Every structure is written in C-alpha cells, then in structure tokens.
Amino acid sequence: MEQQLNELKETVLLKIDEATSVKELNDVRIAYLGKKGPITDLLKGMGKLPADERPKMGALVNVSRETVTEVLERRMAILEQQAINEQLDKEKIDVTLPGRPALQGNHHPLTRVVEEIEDFFISMGYEVAEGPEVEKDYYNFEALNLPKGHPARDMQDSFYISEEVLLRTHTSPVQARTMEAKQGAPVKIICPGKVYRRDNDDATHSHQFTQIEGLVIGEDIRMSDLKGTLSLFAKKMFGSEREIRLRPSFFPFTEPSVEMDISCFKCGGDGCNVCKKTGWIEILGAGMVHPNVLSMAGYDPSVVSGFAFGMGPERIAMLKYGVEDIRHFYTNDIRFVSQFHRTEA
Ligand code: DAH
C-alpha cells in the first residue's frame, strides 16, 4: 500500500507539473484530491489493514496529501499570475498615442470686441441700453432732427417695411427712445446692436452690421467731457500711447459734430499702409446733442446738454486684428473665427 501511495504521489506531481492553465490544474485537483479521488479511496481502504499498521499508513497518506496540496497551490499561484499577465497584455492601451482634440466653442471675434467696448464704458458708469431693430421712421430719423425730405436721409439708404417702419439704419434711435423714457433725467448709456442699410456687400460694406451708440445727458455736459471720454477709450482699445484728433464734421443730430481719429497704432504717426500714410485712423463720429433732439425728447436745451457718439465694432475689430474683409465676420468660416479664440482663462 505504501508503494501504491508513492506511485500515486509521483503521478499527481507529474500531472501538476504538466498542467499549463488554471483550469487544467483545477481538473487535476478534483481528479486526485477530490472526494471521489484515489487518495480518498486509499484512506477508505485503510480499514482493511491490520490495526497496528493503520496509524503509520494514515500519517503517510496525510503527509503525502499535504505535500501534493502545497505543490499544487504553488503551481496554481504561478498559473494565475500568468493568466493575469496575459490578460493585461491583451488589454494594453498605448497611452502615448496622440489624442483627438475636443473642439471647444468660443466667442465670435465681433462679440469679443463689443464686450470689450461695453466693459470699458460700464467701468465708466454707463448702462447698456437696447432698442428694436424694426424701428419707426420717427425714432430712426425724425426725432434725430432728420425730418422727412431731409437730404441727409440719403446718407443712410434704408430698408423700409412700410411708410412709417424700417430696419433701423443706426443705433441712434435708442438715444431718442431713452431720452423720451427718462423724462428729463440724466442719461449715461451705450447701445450696441445690429443695423441695416441698403448697401452692396463688398470688403468694407455690409447690408447688416453692428454699431455702438453712446449718449450722456445732464447739466453742464461739455465738449471737453466728450473729448476726455473718447481719449481714454482710444487708449484702452488701441494702446496707452494713442493720441486722438477731433475733426469738424456733420451729423444732423449733433451740433457741433466731429469725427475722431486716433494716431496710427502701427506706425505711431509716421505714415503706413494702415493709416494710408496720414498717421491717423478714423474711428467714430460724435458731437454735442442737437438742441432740437433734446427738445423733441422733452428736455429743456437751456438747462441740459449732452454728447453722443457712434462707432462700428466691425471697423474697430478689422483694425485691431488686421481683418481685411468685413464679410469674414458673417460667413463664419471656422478657420477665420477660431483665430480669435481666447487663450486666457
Ligand atoms: N448714427 C451715425 C451713423 O450711423 C453715427 C453717429 C455719429 C452716432 C455721431 C452719433 C453721433 O451718436 O453723435 O453714421
């Protein structure tokens, strides 16, 4: 019986050695060490042995079983580790592969410029006002000192919807609306918005564009207030060394009227292609609010005065970012728009 036990032990050790997978080794365990296996059989067969041989034989069987179990467990640990390694190998990902960048939305360059202008004026205590794009002839023209038949109406070719209603040709009607609503109280607003003109689109004209209107009304508002405000604005938008120049001009709603130039931010005034060799770049129109405009809105021009200005964010964005064609702002080609993505947080 002892010999039988030894042979069995050798066989099991060999089988353990031959097993190449966790499953095969488990089969060996069940076949040889399980309840129905030969070792159990051997133990059962001990009853046939003479009583004095039983303890020795029992001890032998137990030792053999322990040895075999130990060997099997060691082998099992190795095979399990192997299985894990194979699995990891199969599931390996190459973390050095370049990823696919996530496309991120961003503000349109025009929106950025409008917000920058708004931020400046808000910091100076202005409020942002809005008005309708479909406007009454009265607010777009008449209340701004442009009665029917006034030749200056031709300066702004209009899209009429009916005799009395049109798409606003500028943001100035918001001046008239705001003053009317304020009933004589002081005003300090800017009004950004879309405007429409019957123009043939080309590199510098668009039938739809944006404007920002500014209006300050109060007692003792002077031309010097306008000049100081615009000078700060020019420095904020185009650099602290910018100088401004006011040239006499004409707008029906302001008297006197001016156009503001800034010293060229490219050549500093020496003359280059940006300033067309003049050293100056025209930026906006402005002036002191015409007494007629004040009185039509219910103000007393002998008590209050004010200044107004109007500018085109497209023009400012084109100058600031070197954009050569206004149509780029509206065709929304991602290659154009994404050049202006904000990189700062
Ligand atoms: N509304 C004028 C335009 O569209 C721009 C403008 C000029 C507005 C002078 C003003 C101003 O308020 O004072 O051409």
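The values are calculated or read from the model by the stated rules, or taken from the named source; none is laboratory data. For clarity, every value in this text was computed on a predicted model and none was experimentally measured. With ideal geometry, Cβ positions are generated from the backbone for all residues, glycine too; neighbour counts draw on all protein chains shown.
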Next on the checklist: Any residue that is touching a Lys or Arg at 6+ places or on another chain (Cβ under 8 Å), farther than 22 Å from residue 113 by Cα and away from the ligand (no atom under 14 Å from the Cβ) - is there at least one of those in the stretch 160-174?
Outcome noted: yes
Item to check | Filtered residue count, the stretch 111-146, keeping only those that are crowded, with 18+ Cβ neighbours inside 10 Å and within 17 Å of residue 236 (Cα to Cα) | outcome: 6
Next on the checklist: Can you confirm whether residue 334 is out of contact with any Lys or Arg (no Cβ under 6 Å at 6 or more places or on another chain), buried (at least 18 other Cβ atoms within 10 Å of the Cβ) and more than 17 Å from residue 213 (Cα to Cα)?
Outcome noted: no
Checklist entry - Does the stretch 196-211 contain any residue that is touching a residue at least 12 places away in the same chain (Cβ under 8 Å), in contact with a helix residue (DSSP H, G or I) (Cβ under 6 Å, 6 or more places away or on another chain) and at negative phi? => result yes
Item to check | Hits in the stretch 83-118 - residues which are among the small types (Gly, Ala, Ser) and either touching a Lys or Arg at 6+ places or on another chain (Cβ under 9 Å) or within 26 Å of residue 334 (Cα to Cα) (or both) | outcome: 99, 102, 105
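Condition check ((1) more than 16 Å from the ligand (Cβ to nearest atom); (2) aromatic (Phe, Trp, Tyr); (3) in a helix (DSSP H, G or I); (4) at pLDDT 90 or above) across all residues:
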{"residue": "101", "(1), (2), (3), (4)": "yes, no, no, no"}
{"residue": "106", "(1), (2), (3), (4)": "yes, no, no, no"}
{"residue": "112", "(1), (2), (3), (4)": "yes, no, yes, yes"}
{"residue": "115", "(1), (2), (3), (4)": "yes, no, yes, yes"}
{"residue": "139", "(1), (2), (3), (4)": "no, yes, yes, yes"}
{"residue": "143", "(1), (2), (3), (4)": "no, no, yes, yes"}
{"residue": "154", "(1), (2), (3), (4)": "no, no, yes, no"}
Item to check | Members of the stretch 294-345 that are more than 21 Å from the chain's Cα centre (by Cα), within 16 Å of the ligand (Cβ to nearest atom) and in a helix (DSSP H, G or I) | outcome: 294, 296, 315, 316
Checklist entry - Out of all the residues in the stretch 199-249, which are closer than 30 Å to residue 184 by Cβ, within 16 Å of the ligand (Cβ to nearest atom) and assigned to a loop (DSSP other than H, G, I, E, B)? => result 221, 222
Item to check | Subset of the stretch 276-293 that is among the small types (Gly, Ala, Ser) and in a strand (DSSP E or B) - its residue that is nearest to the ligand (Cβ to nearest atom) | outcome: 285
